[in-house]
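These notes concern the structure reproduced below.
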Amino acid sequence: MAYEYGKGLNREERIAKNVRDLIELEKGTVPYDRERGVHTTWRDKPEERYTARTLSDITDMVNARETRATVAVSNSGNGLSVRLTINEEDEEA
């Protein structure tokens with residue numbers, strides 16, 4: 001029996017899971033797609049530089065790779081806050 005990714009999840013749950021998985025990826029760890037993920041090499045930099053780069057990375061990556069959703073990422077003071085908006089039904093395969 002083959003593993004079915006996201007089996008039992010509705011459309012919104014599947015999209016949210018995809019976004020969460022993208023955000024948790026470290027850039028350079030996906031074979032044949034080394035650009036997928038979030039940079040972690042500047043974690044030892046000042047927080048404002050790290051935060052700005054991470055905000056940009058997450059927003060660009062998710063908006064490019066999960067077209068059924070858009071994200072807005074901000075620094076909430078207690079860490080990063082990700083606001084997920086799921087687009088209306090589309091030509092989902």
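The values are calculated or read from the model by the stated rules, or taken from the named source; none is laboratory data. Keep in mind it's a predicted model, so treat the numbers as computed, not measured. With ligands, DNA and RNA removed, areas are computed over all heavy atoms of the protein, side chains included. Shrake-Rupley method; radii C 1.70, N 1.55, O 1.52, S 1.80 Å.
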For this session: Go through the range 64-79 residue by residue and tally those that are within 12 Å of the chain's Cα centre (by Cα), modelled with pLDDT under 85 and open to solvent by 70 Å² or more (accessible area, probe 1.4 Å).
Result: 0
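Here are Asp33, Asp90: which of them is modelled with pLDDT of 80 or more, in a loop (DSSP other than H, G, I, E, B), of a type in the set (D, E, K, R) and open to solvent by less than 80 Å² (accessible area, probe 1.4 Å)?
Just a single option satisfies the conditions, and that option is Asp33.
Does Arg43 satisfy being of a type outside the set (S, T, N, Q), open to solvent by 90 Å² or more (accessible area, probe 1.4 Å) and at pLDDT below 80? First the steps, then the outcome.
Working: of a type outside the set (S, T, N, Q): yes; open to solvent by 90 Å² or more (accessible area, probe 1.4 Å): yes; at pLDDT below 80: yes.
For Arg43, the condition - of a type outside the set (S, T, N, Q), open to solvent by 90 Å² or more (accessible area, probe 1.4 Å) and at pLDDT below 80 - is met.
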